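Taking it in order: structure first as structure tokens, then the write-up.
The values are calculated or read from the model by the stated rules, or taken from the named source; none is laboratory data. Note that the structure is a prediction, hence the values are computed from the model and not measured. Glycine also receives a Cβ, built like all others from the backbone with ideal geometry; neighbour counts cover every protein chain displayed.
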Amino acid sequence: MRRSTQALIGQKVWLVGGSEGIGFELVKKLLDSGAQLVVSARAAEQNTALLALRSANLENLYLLNCDVTQKHDLPTVIDQAWSILDGLDTWIYNAGSYQPMRLDEWSIDSFEQMNSVNYLGAVYLMNGLLPYFRKTNPSTDQLSPLWLWNISLASDFGLPYGGGYSAPKAALQNLAESIQPELAEAGIDLKVVNHGFVQTRLTAKNNFPMLGLMAPDMAAKKVFTALLSHKFEHRFPFSLGLVLGTLKRLPKSWALFLTQKMLNTSPPSEKNSSTDSNG
Ligand SMILES: NC(=O)c1ccc[n+]([C@@H]2O[C@H](COP(=O)([O-])OP(=O)(O)OC[C@H]3O[C@@H](n4cnc5c(N)ncnc54)[C@H](OP(=O)(O)O)[C@@H]3O)[C@@H](O)[C@H]2O)c1
């Protein structure tokens, strides 16, 4: 069943990765729709932009620090996220980390960071949250609990220099497909969003033309629409989705012939040579 915007009024949402970019824009949209939010990022409680939003939404916005790479801290954080609003209806996983790397400059530290944020963090939270969501028993006039994972169209096909980012994203997509049937049986609605390039600190690291580049508020609007829809997967924009979806379906030798043409001699990240893989 399609949810209406009104259905979000009073819904209790935990958004992980809401301090920047798409997530921050999504926080504003959810507040406008009347949802109650717990917003997390590594330093959400100290984030100036979130604190300003918080002061204007004291009843509906709570900030909770959460570093998804800190596996042993997460049970406590999950318990806090659950308790702040006395339960949750929706969990959104939007945390992401990106560092393009050539093979000859491959950094294991950067890869581990991307693997932890883009994949394992979601798995830790899923595992910790499941018992809490299983305990909830929505009455027939309530919406079923909802999980939404923001993955990426990059999960379709491994592109040159981007594998450290896209391999964990592809793993998360595969995991989502694997667990969706069991979650549906448990009454939990899992959705994935796979979108293309959005103008944030992550894509500021790219030095190539980005097909279909979107503003963060436009991307957040579409993620918001995904929350209200009955579909499992949301892909946008159409142009990049078509290109990557075609690459995924082509015979591999053809697809790899094409991606070899994307190799260039300049470093993938001329604009950002820092080792911080988060932005
Ligand atoms: N931008 C794109 O073109 C694009 C394309 C496809 C998919 N995506 C996906 O969309 C999502 C949002 O990306 P964005 O472009 O808006 O990036 P962003 O502006 O860098 O925002 C990423 C969010 O993740 C949080 N985060 C990073 N590491 C974290 C950690 N260890 N623990 C908790 N939170 C962490 C960040 O918070 P702090 O740094 O404050 O902790 C921030 O709130 C990501 O999953 C990304 O992979 C982006």
Quick one: which helices (runs of 4 or more DSSP H) lie wholly within segment 35-137 and hold at least 1 residues that are away from the ligand (no atom under 15 Å from the Cβ), acidic (Asp, Glu) and modelled with pLDDT of 95 or more?
74-84
Mind checking which pairs have a first residue in segment 6-27 that is on the phi > 0 side of the Ramachandran plot and near the ligand (Cβ under 6 Å from one of its atoms) and a second that is part of a loop (DSSP other than H, G, I, E, B) and among the aliphatic types (A, V, I, L, M), Cβ under 9 Å, 6 or more apart or different chains?
GLY17/VAL68; GLY17/ALA95; GLY21/LEU202
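Residue by residue, here is whether (1) in a helix (DSSP H, G or I); (2) more than 10 Å from the ligand (Cβ to nearest atom); (3) more than 30 Å from LEU88 (Cβ to Cβ); (4) without any contact (Cβ under 8 Å) to a residue 24 or more places away in the chain holds:
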residue	(1), (2), (3), (4)
ASN194	no, no, no, no
ASN207	no, yes, yes, no
MET210	no, no, yes, yes
PHE224	yes, yes, no, no
HIS230	no, yes, no, no
LYS248	yes, yes, yes, no
If SER166 satisfies every condition in (1) among the hydroxyl-bearing types (Ser, Thr, Tyr); (2) within 9 Å of the ligand (Cβ to nearest atom); (3) free of Cβ contacts under 8 Å to residues at least 40 places away in the same chain but one, which is the exception?
(2)
Residue selected from segment 3-32 under the condition farther than 23 Å from ALA122 by Cα and either among the charged types (D, E, K, R) or outside any helix (DSSP H, G or I) (or both), by the criterion modelled with the lowest pLDDT
ARG3
Kindly indicate the residue of segment 178-192 that is in contact (Cβ under 8 Å) with a residue 12 or more places away in the chain and closer than 18 Å to ILE151 by Cβ and also nearest to the ligand (Cβ to nearest atom) among those meeting that condition.
VAL192
